[in-house]
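See below for the structure under consideration.
The values are calculated or read from the model by the stated rules, or taken from the named source; none is laboratory data. A quick note: this is a predicted structure, and the numbers were derived from the prediction, not measured. Here Cβ is always computed from backbone atoms with ideal geometry, including for glycine, and neighbour counts include all displayed protein chains.
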Amino acid sequence: MLSDASSQSCSKTVSQWPEKNATAQNSTQSPAMCELYVRADPIFYESRTRSLRIHGVVTTIRLENMFWDVLTEIAAADGMTVNQLITKLSDEILELRGELPNMASFLRVSCLRYLDRERQIQSVPGSVAVQPVLLQRVG
């Protein structure tokens, strides 16, 4: 479900943009997705692979740059490095669920949940500063 702010940002079609690309000019397609999304800097959705050690085992994780940025923000708020954060998340999900079939997907969802929580906190009238989310051991 789109919020009012989201639907307002989606109101322009490609044909309404000042500079049209060749595809948009020659196309009879329906309106393009939100300008906010399609005009994003490609660096945000480029993937970057990082190798890290989780309890001595080298693990490689590939995420889009924007997700690495959010993980950096979460880790900083909790006084950790990104590697420490990922290790802690891995330990906690394994303790809770017993398995983690897709670490990259889990990290993406974790980032989105963090951003959603931040948005909810900031939408509370009178809220000024957002307190860091401290991770606590499950169980």
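Going by the structure shown, is Arg53 within 17 Å of the chain's Cα centre (by Cα) and assigned to a strand (DSSP E or B)? The answer is no for Arg53.
Per the listing Ala5, Ala40, Ala76, the residue uniquely closer than 26 Å to Ser123 by Cα, surrounded by 11 or more Cβ atoms within 10 Å (Cβ to Cβ) and at pLDDT below 95 is Ala40. Of everything listed in (1) surrounded by 13 or more Cβ atoms within 10 Å (Cβ to Cβ); (2) out of contact with any helix residue (DSSP H, G or I) (no Cβ under 6 Å at 6 or more places or on another chain); (3) touching a residue at least 12 places away in the same chain (Cβ under 8 Å), the single unmet condition for Glu95 is (1).
If you go through the stretch 27-37 and keep only what is part of a helix (DSSP H, G or I) and either among the aliphatic types (A, V, I, L, M) or at pLDDT 95 or above (or both), you end up with just Leu36.
Between a first residue in the stretch 105-125 that is of a type in the set (Ser, Thr, Tyr) and a second residue that is not in a helix (DSSP H, G or I), which pairs have beta carbons less than 8 Å apart while being 6 or more apart in sequence or on different chains? The qualifying pairs are Tyr114/Val133. Just one of the listed residues (Val70, Val124, Val58, Val109) is of a type in the set (A, V, I, L, M) and assigned to a strand (DSSP E or B), namely Val58.
Given the criteria closer than 20 Å to Ala76 by Cβ, modelled with pLDDT of 95 or more, surrounded by 10 or more Cβ atoms within 10 Å (Cβ to Cβ) and not hydroxyl-bearing (Ser, Thr, Tyr), does Arg119 qualify? Can you show your working first?
On the way: closer than 20 Å to Ala76 by Cβ: yes; modelled with pLDDT of 95 or more: no; surrounded by 10 or more Cβ atoms within 10 Å (Cβ to Cβ): yes; not hydroxyl-bearing (Ser, Thr, Tyr): yes.
Considered against the rule, which asks whether it is closer than 20 Å to Ala76 by Cβ, modelled with pLDDT of 95 or more, surrounded by 10 or more Cβ atoms within 10 Å (Cβ to Cβ) and not hydroxyl-bearing (Ser, Thr, Tyr), Arg119 comes out as no.
The residues on offer are Glu73, Glu92, Glu64, and the sole one that is within 27 Å of Arg119 (Cα to Cα) and over 19 Å from the mean Cα position of the chain (by Cα) is Glu92. Does Pro18 qualify as being modelled with pLDDT under 85 and exposed (fewer than 10 other Cβ atoms within 10 Å of the Cβ)? Yes.
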